[in-house]
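Chemist: This is the structure I want to talk about, given as C-alpha cells.
Nothing in this text is a laboratory measurement; each read-out follows from the coordinates by a stated rule. The structure displayed is predicted, hence computed values, not measured ones. Please note: Cβ atoms are built from the backbone with ideal geometry, for glycine as well, and neighbour counts cover all protein chains shown.
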Amino acid sequence: MDTTTSIEQPRLASIGAHHRDTVRAVYRARALRDFGDGFVAVLLPVYLTAIGLGAFEVGLVATVALFGSAAATLAIGLLGARIDQRTLLIAASGLMVASGLAFAVSDTYALILLIAAAGTINPSAGSVSVFVPLEHAVLSRSVADAERTRMFARYSLIGALAAATGSLAAASPDLLATLGVSGPVALKAMFVLYAALGLAGGIMYARIPADPTPVADNPVTPLGPSRAMVYKMAALFCIDSFAGGFAVQSLVALWLFTRHGLSLSAAGVFFFWSGVLAAFSFPVAAWLSRRIGLVNTMVFTHIPSSLCLIAAALVPNLEAALALLLIRAALSQMDVPTRSSYVMAVVTPPERPAAASVTSVPRSLAAAASPALAGALFAAGLDAWPLIICGVLKIFYDIALLWTFRHIKPPEER
C-alpha cells in the first residue's frame with residue numbers, strides 16, 4: 001500500500017539524495033503505521049464491547065492508552081538528543097509489533113489495560129504517538145525552512161490517506177464472517193495485521209541514514225533558549241488535546257453506533273471519507289499558511305470545524321450529523337502540519353527533538369484524561385455532551401493561541 005510515490009516526486013527533487021531517502025523512508029513508515037491506526041481506532045470499541053465491556057470501560061481503555069503514549073513520548077524527548085533517532089524509531093516499531101500480538105491473545109480487562117498503557121494502540125487514529133516527535137525531528141533536519149511546512153503537509157497527507165484506507169479495512173471482520181470466520185477470531189486477526197504493519201514500518205526506519213551529528217556533540221540539556229516559549233505552546237496545546245479527547249475517533253464511532261445505529265461497514269466508509277477530506281486539507285493548509293501565516297491558518301480553520309462538531313451533536317438525524325462531521329473533517333486537521341512546522345521553526349535545531357516531545361506530551365496527557373470522562377457521560381445517557389464540550393474548549397484554545405503567538409513569526413514569515 002505505497003501511497004507515497006506520486007505524492008513525493010514533485011518536491012523531493014530539490015532535496016539531496018541523502019535527505020531524499022530519509023524523507024521517503026519516514027513517509028512510507030508513517031503510511032504503514034497510520035493504516036493500522038485507522039482500522040484499530042474503529043475496531044477498538046467493537047472488540048472491547050464484544051468481550052463484555054461497557055461505554056465507561058471503553059473510555060477508560062482509551063484514557064490509559066493515551067497516558068501510556070504520553071509517558072513514552074516524554075522518555076523519547078529526554079533520549080532524543082542522546083540516542084540516534086533511527087534506533088529509537090526501530091525500537092518503537094518493535095513495541096508496535098508486541099502491542100498488536102498481545103491484544104490478539106488477550107480478552108481480560110486487566111490485561112487489556114496493561115497492554116494499552118505499555119503499547120502503541122492508538123484510539124485517536126491521529127498524530128498522538130511516540131513516533132511523532134522522532135519523525136518531526138528527522139524530517140526537520142532534512143529540508144530547508146522554505147520547504148518545511150509543505151513537507152509537513154505531505155507527511156500529514158500521506159498519514160491521513162493511509163488512516164482513511166485503514167478505516168475502510170475496519171469492515172474486514174464482517175467480510176471474514178461471510179467466509180465462516182467467527183467474529184472474535186476476525187477481530188483478533190486484525191490486531192495481528194497491526195503487528196505485521198509495525199514490523200514493516202521498522203524495516204522502513206532501518207533505511208534512514210544515521211544522524212551525521214555525533215551523539216557526543218548533541219546538547220546535554222534538551223531545551224535551552226526556547227524553553228519558556230515551548231512551555232507556553234505546550235500549555236495551550238494541552239487545552240486543545242484535552243478537548244479533543246472527548247471526541248477521539250473510537251468514541252465518535254461509539255457515539256454513531258449507539259445514538260444513530262450506524263453499522264460497522266457504514267462506519268468504515270464514513271471514516272474513510274472523513275480521512276480523505278482531512279488528508280487533502282493538508283496541502284490547502286500549506287498553501288494558506290504562505291498567505292496568512294501559520295498561526296492564522298491554525299486558528300481560522302479550527303473555529304468553524306468546532307462549530308460543526310457542536311452542531312453535529314445537536315441535530316436529530318444521522319444524515320445531518322454525518323454531513324456536519326464531514327465538514328468538520330475537512331477543516332479540523334489543517335492545524336496539524338502548520339502546528340508541527342511552527343514548533344520546529346521557532347526553536348533552535350538542537351532543541352527540536354525535545355520541543356516536539358515537550359509539546360506532544362502535554363497533548364497526550366490532556367487527551368488521556370478526557371475519554372474516561374466522555375465514557376462516563378455516555379454511560380449516563382448524556383451522549384451529546386462530549387462533542388459539545390470538545391467544540392467549546394477548542395474555540396477557547398484557538399482564541400488563546402492567536403492572542404499569545406500572533407507576534408512570534410517563523411523565519412519564512414519575517
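Chemist: Using the alpha-carbon atoms, what tilt in degrees (0 to 90, nearest 10) does helix 145-169 show relative to the longest principal axis of the chain?
Modeler: Helix 145-169 sits at roughly 20 degrees to that axis.
Chemist: If the chain were replaced by its equivalent ellipsoid, with semi-axes equal to the square roots of 5 times the Cα gyration tensor eigenvalues, what would those be, largest first, whole Å? Present the calculation step by step, with values, prior to reporting the outcome.
Modeler: Numbers: eigenvalues 197, 121, 78 Å².
Here the semi-axes work out to 31, 25, 20 Å.
Chemist: Tilt of helix 318-332 relative to the longest C-alpha principal axis of the chain, in degrees (0 to 90, nearest 10)?
Modeler: Computed tilt is about 10 degrees.
Chemist: Report the charge-dipole magnitude of segment 248-383 in Debye, nearest 20, computed about the Cα centre from +1 at each Lys and Arg Cβ and -1 at each Asp and Glu Cβ.
Modeler: Working: 7 positive and 4 negative charges, 58 e Å.
So the magnitude is around 280 debye.
Chemist: Suppose the chain between Leu114 and Glu319 were pulled fully straight at 0.36 nm per residue; how much longer would it get relative to their current alpha carbon spacing?
Modeler: Working: separation 205, 0.36 × 205 = 73.80 nm, distance 3.79 nm.
Difference between extended and current length: 70.0 nm.
Chemist: How far apart, in nm, are two points set 7 Å out from the Cα along the Cα-to-Cβ line at Leu382 and at Arg259?
Modeler: The modelled label-to-label distance comes out at 1.4 nm.
Chemist: Per-residue ellipticity at 222 nm for the chain, helices alone: DSSP H runs ≥ 4 residues times -39500 (n - 2.57), over residue total, nearest 500 deg cm²/dmol?
Modeler: Working: 17 runs with 317 residues, N = 414.
Theoretical 222 nm ellipticity from helices: -26000 deg cm²/dmol.
Chemist: Okay, next question. Among all the lysines, which ones have a C-alpha under 23 Å from Lys232's C-alpha, if same-chain residues fewer than 8 places away are not counted?
Modeler: Lys394, Lys409
Chemist: Continuing with this model, one more query. Under 17 Å from the Cα of Lys188, which aspartates and glutamates turn up, not counting those fewer than eight places away in the same chain?
Modeler: The reachable aspartates and glutamates, counting only those whose Cα sits under 17 Å from Lys188, are Asp37, Asp107, Asp174.
Chemist: Relative to the Cα centre, what is the charge dipole magnitude of the chain, using +1 at the beta carbon of each Lys and Arg, -1 at the beta carbon of each Asp and Glu, and rounding to the nearest 20 debye? Can you show the working numbers first?
Modeler: Numbers: 27 positive and 22 negative charges, 170 e Å.
Magnitude of the dipole: close to 820 debye.
Chemist: Now, a different point. Explain nothing, just the number: relative contact order of the chain, from Cα pairs under 8 Å at least 6 residues apart, as a whole percent.
Modeler: It comes to 29 percent, rounded to a whole number.
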